1. Residue check: is R274 surrounded by 16 or more Cβ atoms within 10 Å (Cβ to Cβ) and of a type outside the set (G, A, S)?
2. Out of (1) in contact (Cβ under 8 Å) with a residue 40 or more places away in the chain; (2) out of contact with any Ser or Thr (no Cβ under 8 Å at 6 or more places or on another chain); (3) of a type outside the set (D, E), the odd one out for N420 is which?
3. What's the number of the condition R302 fails, among (1) within 30 Å of R145 (Cα to Cα); (2) basic (K, R); (3) in contact (Cβ under 8 Å) with a residue 12 or more places away in the chain; (4) assigned to a helix (DSSP H, G or I)?
4. Quick check on region 208-218: of everything there that is part of a loop (DSSP other than H, G, I, E, B) and in contact with a helix residue (DSSP H, G or I) (Cβ under 7 Å, 6 or more places away or on another chain), which residue is surrounded by the fewest Cβ atoms within 10 Å (Cβ to Cβ)?
5. Could you say which residue among T196, T192 is part of a loop (DSSP other than H, G, I, E, B), polar (S, T, N, Q) and surrounded by 16 or more Cβ atoms within 10 Å (Cβ to Cβ)?
6. Identify all residues within region 345-375 that are among the polar types (S, T, N, Q), surrounded by fewer than 24 Cβ atoms within 10 Å (Cβ to Cβ) and in a helix (DSSP H, G or I); write none if there are none.
7. Let me confirm something: among A378, A430, A404, which residue is crowded, with 22+ Cβ neighbours inside 10 Å and out of contact with any Ser or Thr (no Cβ under 9 Å at 6 or more places or on another chain)?
8. From the list L388, L352, L338, which residue is touching a Leu at 6+ places or on another chain (Cβ under 9 Å), in contact (Cβ under 8 Å) with a residue 60 or more places away in the chain and of a type in the set (A, V, I, L, M, F, W, C)?
Amino acid sequence: MSKKSSRRAFLGTTAATAAGAWIGLETRGAETPATVVKKPSTLQTTVLDAKVRFVNQSFLRPLIISSGAISEITEAIAEVTVEVEGRRATGRGSIYLSDLWAWPDPALAHDRRDAILRKLCEKIAGELPALCGGKAAHPLELGMRLHESVCHGAKPPVLARAMCASPFDAAIHDAAGIALGKSAFDFYSVPTPLPTADRYFPDRNACRAIARAIAPPKRALRAWYLVGKKDSMDKDVGPWIRDRGYRCFKIKILGRDNAYDVARTVEVFRAVKRLGAKNPEITVDTNEANPDAASVLDYFQRLKAADPEAFAALKYFEQPTARDIIAHRFDWHKIAALKPVLLDEGLTSLELMKESVAQGWSGFALKTCKGHSFALVAAAWAKQRGMLVSLQDLTNPGISLIHAALFAAHVPTINDVELNSPQFTPAANAAWLPRLRRLFQPTDGMHRLPEKIPPGLGSTL
């Protein structure tokens, strides 16, 4: 076959086989037997097997969000075995099945939703090779195929489906990295087609965009304390400032009464200063409880008038309005000119990224619970357009805390990373103590990663 016809054949390949065709293009050209050309790795990974187990975790105190209070939760822990470049390894990923966040349906009790989410995880484990396309591909392509395979249907809703798929996506990346002895954030040095992600980028090169979004890893990440509605500043928050050096605070406000919300924001800001927090930073989150964009503008204006210093310390507002940004469409341009407004629960599909720009959102509040692959693609897309990204939490424990910390270490964000399992479910982190105490139990207001970056996504730490 001529080179010209070979290239036509490559261009006509399907998304599922593009990565394999790329290998042929990259390695073709050795004309004599004496010349040995080393094939650059495109990380063609095959999913061999998967399983999932569940652990019940209790909260030290309820985490109160607009849809209710979370006092107990299921941790889903996935294990996936892969083969890459002739090597096999098993990786792990985990996530809390936070039904109250991902599926806030008052018509169904928590136990019923939890049972459905567990069954979905088991179904994903049983069908993972097929859900990832049934063919070898780059780990990120496998993760994106998994996301697209799982995230359809009305119940559970898309956010809950993405959450259930996320520990498997993480485990695929973890396993591939363990097999190759390299970090999952080093998977993008060789240009590799990622068909499911490429279509979102003007040059159809997601791999290049992701590589540019990744920076040399940071070892220290700011620690955030989540201030709830019922928290006592002296009794509950004070020890975290005095004993652990915290200076960053996420404030849960109600979104229905701006006079109350502004008063609470000012109260928290002034209290943390009084308690010794140096140069405090704050963010606010109503978990979609604001009725419209005008209410957010009013909150900003009231806060600036009430306490200019507190307003200056406010870094961003996280997903103020309802998560369906098509049904609940607002113009955020004027509001975002005052302070960043970040899309969180509303970013359930990469198709919505362009819509978020049209509406004037400042950027994305990413979560690894939507999928490692999804988060990396969204971060790269946002950074390519000068948008902001933060990394939020789902009270990630253990393996998922390590994963989120590594993500924030490699992908620069405006907040570093929110990790609140030390605050709400510290018992879930016991297996990593004391060896990772500086990561799981910050004492200087910073989560600190080990000097050596682990392979995969860190499950071997």
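1. no
2. (2)
3. (1)
4. Only one residue tops the list, namely A215.
5. Values: T196 fails: part of a loop (DSSP other than H, G, I, E, B).
Within the list T196, T192, the selection yields T192.
6. S356, Q359
7. Within the list A378, A430, A404, the selection yields A378.
8. Details: L352 fails: in contact (Cβ under 8 Å) with a residue 60 or more places away in the chain; L338 fails: in contact (Cβ under 8 Å) with a residue 60 or more places away in the chain.
The unique qualifying residue is L388.
We did not get these values from a lab; they are worked out from the coordinates using the rules stated. Predicted, not measured: the structure shown is a model, and the values here were computed from it. Glycine gets a Cβ as well: all are built from the backbone with ideal geometry, and neighbour counts include every protein chain shown.
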